[in-house]
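Worksheet: one structure, shown below.
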Amino acid sequence: MSRTLILAVIVAGLGAGIYYYLNQPEPTPAERLQSAAQEAGDAVNDAVDAATEQANEAASSITEQATEAAEQAGQAATDLANQASDQVASLATQGQDLVNSWIEEGTLSVQNFDYDAIVASVQESQLSQDMKTQALNILDEIKASPQLIAEKIEELRTLLTSQQ
């Protein structure tokens, strides 16, 4: 009997549901208009939300790209500065090595100044063209005025060993 009772309750519930669904009144035109307006408003809100989200994502992406570009530019500037510093130090080292080689070879000493050997070594060196030109001008001044040799050798040493 309990099965029959449960079955009767289920059938009665289904019957009531079907009756309610079939007897619902048709919505009035005002209710239809209100429902359509509500759906349109919801659609507009959804579209605005989606557009806002896309704009925020685009702005975030642009900000990230700009930050990355700035970091890369900063790193490139640092790298160039370091490279220039290394080159200046290298030139100073080359100049010092050149002066040291003249002293070691005896082409530049208190008793000896081998103009031709020193000029040749400057011309064959890895110094910048500007540095070579300045050094050769000083050497020409020494050749023209031997009495200024001490002063000009010091000027030459300063030129070749300074970090310009």
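Only the coordinates and a few stated rules stand behind these numbers; no lab work does. If you're wondering where the values come from, they're calculated on a predicted model, not measured in any experiment. Using ideal geometry, Cβ is built from the backbone for each residue, glycine included, and neighbour counts are taken over all protein chains shown.
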For the chain, what does the relative contact order come out to in percent, with C-alpha contacts under 8 Å and a separation of six or more?
20 percent
In the chain, if every C-alpha pair distance is counted and binned at 10 Å from zero, what percent goes to each bin?
8, 18, 11, 8, 8, 7, 6, 6, 5, 5, 6, 7, 4, 1
Relative to the longest principal axis of the C-alpha atoms of the chain, give the angle of the C-alpha long axis of helix 115-124, reported between 0 and 90° and rounded to the nearest 10°.
20 degrees
For the chain, whose charge dipole is built from +1 on Lys and Arg Cβ atoms and -1 on Asp and Glu Cβ atoms, the candidate among I10, L98, S109 with its Cα farthest towards the positive end is I10
Compute the projected area of the convex hull of the Cα atoms of region 115-164, averaged over all viewing directions, and report it in nm² to one decimal place.
3.2 nm²
Quick check: the angle from helix 149-161's long axis to the longest principal axis of the chain, C-alpha only, nearest 10 degrees?
20 degrees
Degrees separating the helix 129-144 axis from the principal Cα axis of the chain, which is the longest one
10 degrees
Euclidean distance of C-alpha centroids, region 122-158 and region 1-75, integer Å:
87 Å
How would region 1-77 be classified by its alpha-carbon gyration tensor: rounded, prolate or oblate, with rounded meaning a/c under 1.5 and the a/b versus b/c comparison settling the rest?
oblate
